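The values are calculated or read from the model by the stated rules, or taken from the named source; none is laboratory data. Here the structure is a predicted model, which is why all the values come from computation and not from measurement. FYI the Cβ positions are ideal-geometry reconstructions off the backbone, even for glycines, and counts take in every protein chain you see.
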Amino acid sequence: MTTVLKALLVDDEVPARSELRFLLGEAGGVEVVGEAGSANEALQLIRAIPYDVVFLDVDMPGITGIQLSEVLAELEHPPALVFVTAHSEHAVKAFEVAATDYLVKPVETNRLKMAIERIAPAVEAPARIERIPVEKAGRKLLLQVADITHIMAKDDYSYIFTDGERYLSTFSLADLEHRLEPQGFFRVHRRYLVNLAQVGEVAPMYGGTMELALKDAAQTRIPVSRRRAPALKRTLGL
């Protein structure tokens, strides 16, 4: 399996999340990029960052895991769901809300690997998006992805830039990241998504950050956050 799944762990008990993180490390194929102690916290993270899979407990204070899964099912691109719980009686309801798998604690590594293998095929070959719908001067246009230099967050919307033009997109930056990451776009900052094919120069900055100079006529400069800099260096082979 070549795809590494981006995972969110949702459980109100810290030891349970730590144990699952350890087991996922043993199983392989998953990178835990977020944790949440409640359904409300999880929902905020999922709306901000695209995850391939959410591992969640059923019994949590306030909104339960089942209720959270029903909310996630309404999203345009919902993550895969794997319930991890000490109670087997919720299994039927879990599969009614289209859960990919249902694991009963204590979870064994081999059983966890089976769950991961069920999820991976769905994300290994995402549909390639060639054009993005945008708006400019009251007109709705279809923009070629290859022409995009970078994208900037604007509240719940985004500004998409080409060489010399700016367009409005009703997609959030997180949604565009999910759609365009397979085509060489990289989230370099909480506000910026960049087409790496359009990067002409990488300049190191003070404090471990970087700045990208694009190939457009304006030689646009895009900041790279300190948190994203290591991953960007690995991606670019720096």
| message | Quick check on the stretch 213-231. Is at least one of its residues surrounded by 12 or more Cβ atoms within 10 Å (Cβ to Cβ), among the β-branched types (V, I, T) and in contact (Cβ under 8 Å) with a residue 60 or more places away in the chain? | response | yes
| Neighbours by Cβ (under 7 Å, 6+ apart or cross-chain): first from the stretch 133-147, closer than 13 Å to F171 by Cβ; second outside any strand (DSSP E or B) | V145/I129; V145/E130; V145/L180; V145/Q183
| field | Residues within the stretch 36-45 that are surrounded by 19 or more Cβ atoms within 10 Å (Cβ to Cβ) and under 24 Å from A231 (Cα atoms), tallied | value | 2
| said: Taking the criterion of being modelled with pLDDT of 85 or more and assigned to a helix (DSSP H, G or I), would at least one residue in the stretch 90-99 satisfy it? | reply: no
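Let's see how each residue does on (1) in the same structural domain as P182 (by TED's automatic domain parsing); (2) more than 22 Å from F171 (Cα to Cα); (3) in contact with a helix residue (DSSP H, G or I) (Cβ under 8 Å, 6 or more places away or on another chain):
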site	(1), (2), (3)
L9	no, yes, yes
P15	no, yes, no
A27	no, yes, yes
I49	no, no, yes
F55	no, yes, yes
P61	no, yes, no
A86	no, yes, no
E89	no, yes, no
| note | Screening K154, K140, K136 for residues that are surrounded by 13 or more Cβ atoms within 10 Å (Cβ to Cβ) and either more than 20 Å from the chain's Cα centre (by Cα) or not assigned by TED's automatic domain parsing to the domain that holds P230 (or both) leaves only K136
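Of all residues in the stretch 121-148 being part of a loop (DSSP other than H, G, I, E, B) and more than 13 Å from L176 (Cα to Cα), which is modelled with the lowest pLDDT?
A125
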| field | Condition check for I49: under 21 Å from K105 (Cβ atoms) and surrounded by fewer than 17 Cβ atoms within 10 Å (Cβ to Cβ) | value | no
| Taking the stretch 62-77 as the search range and keeping residues that are at pLDDT 85 or above and part of a loop (DSSP other than H, G, I, E, B), which one is surrounded by the most Cβ atoms within 10 Å (Cβ to Cβ)? | T64
| request: Starting from residues that are among the polar types (S, T, N, Q) and either touching a residue at least 12 places away in the same chain (Cβ under 8 Å) or outside any helix (DSSP H, G or I) (or both), keep the ones in the stretch 15-41 and report whichever is farthest from F83 (Cα to Cα). | output: N40
| query | Does any residue in the stretch 166-181 that is assigned by TED's automatic domain parsing to the domain that holds A218 and of a type in the set (G, A, S) come within less than 7 Å, Cβ to Cβ, of a residue that is assigned to a helix (DSSP H, G or I) and surrounded by fewer than 19 Cβ atoms within 10 Å (Cβ to Cβ) six or more places away or on a different chain, and which pairs are these? | reply | A174/A48
